[in-house]
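All remarks here apply to the structure that follows.
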Amino acid sequence: MQQFDVVIVGAGAAGLFCAGVAGQLGLKVLVLDHAKKVAEKIRISGGGRCNFTNRDATHEQFLSSNPHFCRSALARYTPRDFLALVQRHRIAWHEKHKGQLFCDESSEDIIRMLLRECDAGGVQRWHSCTVHAVRHTAARFELDTRAGVVAGARLVVATGGLSIPQIGASDFGYRLARQFGHRVVPTRPALVPLTFDAAAWAPFAALAGVSLEVRIATGEGKGRGEFLEDLLFTHRGLSGPAVLQVSSYWHPGQPILVDLVPHLRLSEALREAKAARTRKHLPNELAAWMPARLADTWLALGVEAEGATRGAQPGSGPPYKAAVPPALERPLGEIRDRDLDHLAERLHRWSLVPSGTEGYRKAEVTAGGVDTRELSSQTMESRLVPGLHFIGEVVDVTGWLGGYNFQWAWASAAACARAM
Ligand code: FDA
């Protein structure tokens with residue numbers, strides 16, 4: 001039986017980073033993964049350019065049922081620390097909007113960097129290696145694997161979440177947590193497109209591809225998420241950064257509230273345009289502030305519609321074609337102020353109730369996970385089973401879109417590795 005100081009299950013972002021740090025601190029480390037290729041999620045991340053961190057990351061951009069848990073690790077291993085490592089490896093990078101840092105060339109640069117760090121620490125890496133069972137004796141953990149039995153004084157679980165099962169995601173981490181008496185906060189897809197009942201979405205389906213900046217919100221109190229980002233209409237519902245962000249806060253049955261014209265007071269703008277005696281028709285006037293296709297569809301659906309768009313409206317029927325009703329296909333000057341106000345109010349406060357999400361198949365991350373109340377925030381070690389650690393996405397810590405989830409992977413891995 002081969003023996004190690006540390007056995008890490010999962011050679012993704014957190015597992016590889018933890019292995020490199022621990023190895024370079026002098027520990028004998030094995031990191032194993034059931035997938036043929038390691039770090040597949042890094043490879044596909046950020047559209048192939050890996051948004052590897054966010055310059056502005058603090059604990060405030062993370063969801064967890066124990067919101068302060070991630071604070072310590074994030075403060076002790078910061079975006080600046082990871083950026084310094086990226087620069088040491090001479091990886092070219094750039095900043096996109098809102099502090100998001102990406103590779104100039106390819107996500108492969110980050111993977112190569114992590115593997116080099118592992119090599120520098122003498123880390124052993126086993127791929128295509130399934131773990132069949134894990135036992136804990138007084139002094140160590142024993143793992144029955146496809147490559148035989150291995151033992152580690154410490155066991156680090158870095159098997160990630162459930163999203164994108166086709167590239168190796170599994171529920172191993174949650175099962176192992178439960179095996180050792182840990183609670184798991186119920187999991188759900190997050191950073192995921194939202195969907196609507198097909199028949200009811202029909203009027204909006206023709207808008208697939210239309211994108212605009214919106215203010216979007218859902219939830220209440222501490223569970224409220226609000227973002228100013230781009231929204232994208234799709235054939236099945238809504239996507240784009242705005243919707244991915246808010247999806248992490250959304251629970252079935254809850255409405256989402258969308259302000260389609262977040263940068264102006266639309267009623268004032270319409271009244272001013274009317275006062276200026278414009279001959280423009282309402283759809284053309286609206287098209288100055290939002291995509292014309294959306295303006296037409298919106299007017300065609302009827303500004304008088306009340307209440308939340310539950311799975312959208314106006315219901316089933318033949319394929320929908322936007323046609324602005326005659327009452328609104330008129331010069332602005334001929335439309336009553338109160339109708340303009342009402343239209344503005346609806347565009348500022350579009351309320352919709354999604355019927356679901358695109359699920360783990362399309363989700364970037366998994367919300368929920370190993371309950372942090374039974375882990376040390378300093379070391380990621382179990383409070384129930386000494387020597388057992390959980391890091392990365394398998395833990396109930398979920399970041400916003402924009403490099404935060406990788407920063408959590410690096411920070412939780414560093415906290416764990418330095419404590420072993
Ligand atoms: P990760 O998923 O990286 O690694 C887990 C590893 O465990 C995998 O290699 C898997 O094969 C292995 N494993 C699972 N079950 C196992 C088992 N039973 N036995 C052995 N091994 C097992 N985040 C971000 O900050 N910026 C970004 O640009 C993106 N982009 C992005 C795009 C897409 C399409 C997705 C799906 C996700 C992102 N993310 C992201 C999220 C980010 O990829 C994610 O949060 C981290 O990879 C999580 O790191 P972990 O190491 O915890 O899990």
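Per-residue answers, yes or no, for (1) under 26 Å from A287 (Cβ atoms); (2) crowded, with 18+ Cβ neighbours inside 10 Å:
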residue: V214; (1), (2): yes, yes
residue: T218; (1), (2): no, yes
residue: E226; (1), (2): no, no
residue: D230; (1), (2): yes, no
residue: F233; (1), (2): yes, yes
residue: V243; (1), (2): yes, yes
residue: Y249; (1), (2): no, yes
residue: L260; (1), (2): yes, yes
residue: L264; (1), (2): yes, no
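In the set (1) surrounded by 20 or more Cβ atoms within 10 Å (Cβ to Cβ); (2) within 16 Å of the ligand (Cβ to nearest atom); (3) under 20 Å from L27 (Cβ atoms), D109 fails one condition alone, (3).
A quick yes/no check of all residues on (1) open to solvent by 30 Å² or more (accessible area, probe 1.4 Å); (2) closer than 24 Å to G122 by Cβ; (3) touching a Lys or Arg at 6+ places or on another chain (Cβ under 8 Å):
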{"position": "R49", "(1), (2), (3)": "yes, no, no"}
{"position": "F62", "(1), (2), (3)": "no, no, no"}
{"position": "N66", "(1), (2), (3)": "yes, no, yes"}
{"position": "R71", "(1), (2), (3)": "yes, no, no"}
{"position": "T78", "(1), (2), (3)": "yes, no, no"}
{"position": "V86", "(1), (2), (3)": "no, yes, no"}
{"position": "A92", "(1), (2), (3)": "yes, no, no"}
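Considering the range 1-102, the qualifying strands (runs of 3 or more DSSP E), each wholly inside and each with 2 or more residues that are β-branched (V, I, T) and either more than 9 Å from the ligand (Cβ to nearest atom) or more than 27 Å from A169 (Cα to Cα) (or both), run over 2-9, 29-32. Within the range 148-170, the residues that satisfy the criterion of being hydrophobic (A, V, I, L, M, F, W, C), within 25 Å of Q24 (Cα to Cα) and within 14 Å of the ligand (Cβ to nearest atom) are V150, L155, V156, V157, A158. Within the range 341-357, track down each residue that is hydroxyl-bearing (S, T, Y) and modelled with pLDDT of 95 or more. Scanning the range 341-357 gives S355, T357.
Only residues that are part of a loop (DSSP other than H, G, I, E, B) and more than 16 Å from the ligand (Cβ to nearest atom): list them for the range 112-139, please. Selection gives G121, G122, T137, A138, A139. Contact map, the range 266-278: first residue touching a residue at least 12 places away in the same chain (Cβ under 8 Å), second residue of a type in the set (K, R) and outside any helix (DSSP H, G or I), Cβ cut-off under 8 Å, separation 6 or more or different chains; pairs are A273/K280. All conditions in (1) crowded, with 18+ Cβ neighbours inside 10 Å; (2) modelled with pLDDT under 95 hold for A138, with the sole exception of (1). Among the residues of the range 401-416, not a single one is away from the ligand (no atom under 16 Å from the Cβ) and under 26 Å from R178 (Cβ atoms). Tell me, yes or no, whether the range 271-282 has at least one residue that is of a type outside the set (A, V, I, L, M), surrounded by 17 or more Cβ atoms within 10 Å (Cβ to Cβ) and touching a His at 6+ places or on another chain (Cβ under 9 Å). Scanning the range 271-282, I find no residue that is of a type outside the set (A, V, I, L, M), surrounded by 17 or more Cβ atoms within 10 Å (Cβ to Cβ) and touching a His at 6+ places or on another chain (Cβ under 9 Å), so the answer is no.
The values are calculated or read from the model by the stated rules, or taken from the named source; none is laboratory data. If you're wondering where the values come from, they're calculated on a predicted model, not measured in any experiment. Please note: Cβ atoms are built from the backbone with ideal geometry, for glycine as well, and neighbour counts cover all protein chains shown. Heads up: the accessible areas ignore ligands, DNA and RNA and are worked out on the full protein's heavy atoms, side chains in. Shrake-Rupley method; radii C 1.70, N 1.55, O 1.52, S 1.80 Å.
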